[in-house]
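Structure first, commentary second.
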Amino acid sequence: MRVFDKNIDICHLLSEAVSEGIIVVNKDQLMVSINKKAAHLFEYTHKELLGKPLTELIPDKYKKAHKEHVKKYYRDVKKENMAGGRCVHGQRKSGEEFPLNVRFNPFSIYGNTYVLVLVNDLSERVQIEKNLDIKSEALEAAQNGIIISDALEEDHPIIYANRAFKKLTGYSESEVLNRNCRFLQKDDNDQRGIKIMDNAIKAGKKCQVRVRNYKKDGTLFWNEVSINPILNQEGKITHFIGIQHDITKRVKAEEEIRHFLKIFDDSLNEIYVFDAETLRFSHVNYGAQKNTGYSSREFRKITIKDLITGISEDRLREILDPLNLNNHKKVTFETLFKRKDGTTYPVEVHLQSSTLEDKVLTVVIALDISERKNYTQKLEKTVARRTQELNEALLKEKELSDLKTKFLSMVSHEFKTPLSTILTSATLVGKYTAADQQELRTKHLNSIASGVHHLTGILNDFLSIERLEQGKEIYRLTDFSLSKVINQVIYNANMLLKTGQKINYPMNIEDVIIHQDEKIVSLVLTNLLHNAIKYSPEETEIDLQINLDENTIYFHIIDRGIGIPKKDQKHIFERYFRADNVLLTQGTGIGLNIVKSHVENLGGDISFKSEENKGSTFTVTLPFNSNGEEF
Ligand code: ADP
């Protein structure tokens with residue numbers, strides 16, 4: 001003690017000048033000197049510690065071990081540090097334990113051995129190390145890849161890469177350290193994100209970019225990289241921290257969403273989304289804009305009500321209610337949509353409900369069914385037309401069968417009289433054997449000839465029908481004298497006249513030459529004159545009048561006969577048709593039908609006016625070409 005008293009000033013000066021705590025113990029382990037720092041460290045006053053054993057400052061549980069150390073120490077005093085670099089534990093006056101670093105320096109003064117104990121509080125350092133450990137643990141445990149590069153070194157080599165980075169990229173630590181992180185780009189370095197990142201690093205700024213990177217095995221992954229510069233106290237960038245986030249799944253999902261959005265937008269089907277409450281549109285696709293003529297901006301100003309015509313708002317809400325209440329998954333109906341220009345078109349509307357955040361939306365998919373409607377209408381028309389055609393065909397078939405029946409009855413009737421005349425005449429001819437009975441024989445032979453003619457005429461008519469039906473009739477147009485044909489026809493007709501009947505000749509036909517089918521003109525007039533004679537009583541006159549204009553000839557055959565009943569008039573040109581008032585007169589119902597076909601084939605027309613019991617006028621119009629050209 002005295003030694004220290006003597007040198008108190010020097011000791012004091014020295015011990016107070018150093019930053020460590022200093023305790024000097026004598027060989028009995030009693031503290032003989034304590035500097036301020038040491039006293040402060042253990043929360044004692046200098047006086048409280050002086051002369052006290054050093055073990056006062058050691059927690060009970062370590063005291064025994066300490067004694068062992070001391071013994072060992074004195075055995076081998078050459079060892080400078082009793083626990084150099086190792087953490088031992090001290091105890092403050094309050095009883096609090098704390099880590100400290102101690103070094104023992106023995107020395108001797110005036111034959112006494114002392115030990116200078118240098119004490120350093122490690123609490124703070126231990127705490128810092130603990131924190132650092134936690135932080136590096138955290139870095140290692142982070143899910144994101146983290147690298148630290150040295151900004152002070154050329155080309156910023158990586159000095160740290162965490163576990164996640166190695167897992168993400170497939171590179172080992174040795175393959176990563178001391179390299180610039182651009183190896184992740186492989187050759188794909190012409191990227192906007194990379195340029196932004198390079199510029200940010202040059203400018204010492206933080207940035208976040210999305211880049212294409214490649215794993216060690218070449219697999220591409222989308223990397224969302226955040227670069228953060230670390231500054232030292234002088235504001236100089238010493239490091240960059242790069243945080244890697246593999247967003248490949250997100251990018252793919254975004255691409256898919258974009259793709260679906262594109263499908264939605266580009267769809268030619270009309271898709272609308274509107275707020276179920278306000279009925280205002282929130283989104284409409286291209287197809288909707290194209291078909292309605294509204295732009296997407298204009299759509300924002302209108303509601304679904306403006307689009308659907310003919311449905312009141314109340315009715316619309318009635319339709320939407322089951323959807324909004326989740327009672328129905330889908331509602332489908334047909335309606336008309338009104339375009340911007342006011343025109344409408346039929347649509348099949350499919351409504352579905354959807355929610356976005358707290359909003360209830362209605363999704364409308366509308367199919368323009370104009371074509372379908374047109375098609376249906378067309379189909380309906382075609383079906384109606386075909387049905388009508390079938391009905392007509394059926395009717396014709398029925399008529400044909402009726403006509404056949406009529407024909408058979410007509411044939412059996414028409415053939416009966418001439419055949420019985422022929423039979424009678426032939427029988428009679430056989431009876432007139434005397435030489436002077438030649439006149440009677442001739443009369444009956446004439447009757448036979450006339451009967452045969454009549455039958456031939458009927459058969460010719462049938463053949464004529466056959467030819468006309470099959471389009472085999474050949475017309476021969478020639479220039480001929482009208483008066484010659486008329487004389488011939490009237491001459492033949494005169495032979496059939498009943499008692500007192502007379503045919504009046506047409507006027508002003510001398511020298512008229514027409515270009516027509518002579519045989520047909522003759523046939524037509526013969527037929528009409530024969531009918532006029534047949535269906536007129538005795539003592540009546542028949543007129544044959546002829547008018548001509550430049551290219552047309554008009555024949556009028558006028559009789560004062562039985563006429564045609566009104567109800568039968570519309571059927572008069574039908575084959576085998578015979579009016580009710582002629583059933584007792586011979587006839588086939590073929591003549592007029594043939595006449596009409598011929599006249600029409602030659603570009604002409606036939607008509608009549610008739611009144612029962614007053615008479616009939618048949619008019620035939622035929623074109624003729626005076627220059628002799630073919631029709
Ligand atoms: P058909 O005289 O051999 O019966 P047509 O075809 O010549 O056959 O005439 C058809 C029908 O038209 C006749 O059955 C008759 O009812 C009516 N008819 C034609 N010409 C006259 C006429 N001049 N007067 C009255 N009825 C006529």
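Each reported figure results from applying straightforward, stated rules to the coordinates on display, with no laboratory input. Predicted model only: the values in this text are computed from it and were never measured. Glycine also receives a Cβ, built like all others from the backbone with ideal geometry; neighbour counts cover every protein chain displayed.
Could you tell me the relative contact order of the chain? Use alpha-carbon pairs under 8 Å, at least six residues apart, and round to a whole percent.
On the way: 988 pairs, mean separation 34.6, N = 631.
5 percent.
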query = When the Cα centres of region 508-552 and region 233-282 are compared, how far apart do they sit, in Å?
reply = 95
request  = Per residue of region 158-175, in order, report the coupling 6.51 cos²θ - 1.76 cosθ + 1.60 (Karplus, θ = phi - 60°) as ³J(HN,Hα) in whole Hz, putting x for Gly and Pro.
outcome  = 6, 10, 8, 9, 7, 4, 4, 4, 5, 5, 5, 8, x, 8, 8, 4, 5, 7
task = Rank by packing, highest mean first: peptides 338-345, 252-259, 499-506, 280-287, with packing defined as the count of other Cβ atoms within 10 Å averaged across residues.
result = 280-287, 499-506, 338-345, 252-259
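Rounded to the nearest 0.05, what FRET efficiency do Glu96 and Asn232 have when you use their Cβ-Cβ distance and R0 = 41 Å?
Working: r = 35 Å, r/R0 = 0.85.
It comes to 0.75.
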message = In 5 Å bins starting at zero, report the fraction of Cα pairs in region 148-286 per bin as a rounded %.
response = 2, 9, 15, 17, 15, 9, 7, 6, 6, 5, 5, 3, 1
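Can you compute the charge dipole magnitude of the chain about its Cα centre, using +1 on each Lys and Arg Cβ and -1 on each Asp and Glu Cβ, nothing else charged? Give it in debye, rounded to the nearest 20. Spell out each step's value before the answer.
Values: 89 positive and 89 negative charges, 840 e Å.
Value, rounded to 20: 4040 debye.
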query = List the aspartates and glutamates whose alpha-carbon lies under 19 Å from that of Lys236, not counting same-chain residues fewer than 8 positions away?
reply = Asp150, Glu153, Glu154, Asp155, Asp198
ask   = Residue-wise, which Karplus ³J(HN,Hα) couplings in Hz belong to region 329-346, taking 6.51 cos²θ - 1.76 cosθ + 1.60, θ = phi - 60°, and x for glycine or proline?
value = 7, 8, 10, 10, 7, 9, 7, 10, 9, 9, 6, 4, 7, x, 6, 10, 8, x
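Taking 8 Å as the Cα distance limit and 6 or more residues as the minimum spacing, I'd like the relative contact order of region 474-623 as a percentage.
On the way: 275 pairs, mean separation 33.6, N = 150.
Here the relative contact order equals 22 percent.
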remark   = Distance in nm between Asp436 and Glu173 label points, each 7 Å along Cα→Cβ, equals 16.5
query = Cα-based Rg (one decimal) and Dmax (whole number) for region 133-228, in Å?
reply = 13.0, 39
query = Bin by bin, in steps of 20 Å, what percent of the Cα pairs in the chain do you find, going until the bin that has the longest distance?
reply = 12, 17, 14, 13, 12, 10, 6, 7, 6, 2, 0
remark   = Going through Lys404/Lys596; Lys416/Lys596; Lys167/Lys215; Lys519/Lys596; Lys27/Lys52; Lys472/Lys519 one by one, the pairs whose alpha carbons sit over 18 Å apart turn out to be Lys404/Lys596; Lys416/Lys596
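Among 527-540, 231-244, how do they line up by average Cβ neighbours within 10 Å per residue, starting with the highest?
Numbers: 527-540: 18.9, 231-244: 14.8.
Packing order, densest peptide first, comes out as 527-540, 231-244.
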request  = Consider just the alpha-carbon atoms of region 474-623 and return their Rg together with their Dmax, both in angstrom.
outcome  = 14.8, 43
key: Protection proxy ranking, peptides 49-62, 455-468, average beta carbon neighbours within 10 Å, highest first   = 49-62, 455-468
task = Express the relative contact order of region 290-373 as a whole percentage, based on alpha carbon pairs under 8 Å and six or more residues apart in sequence.
result = 23
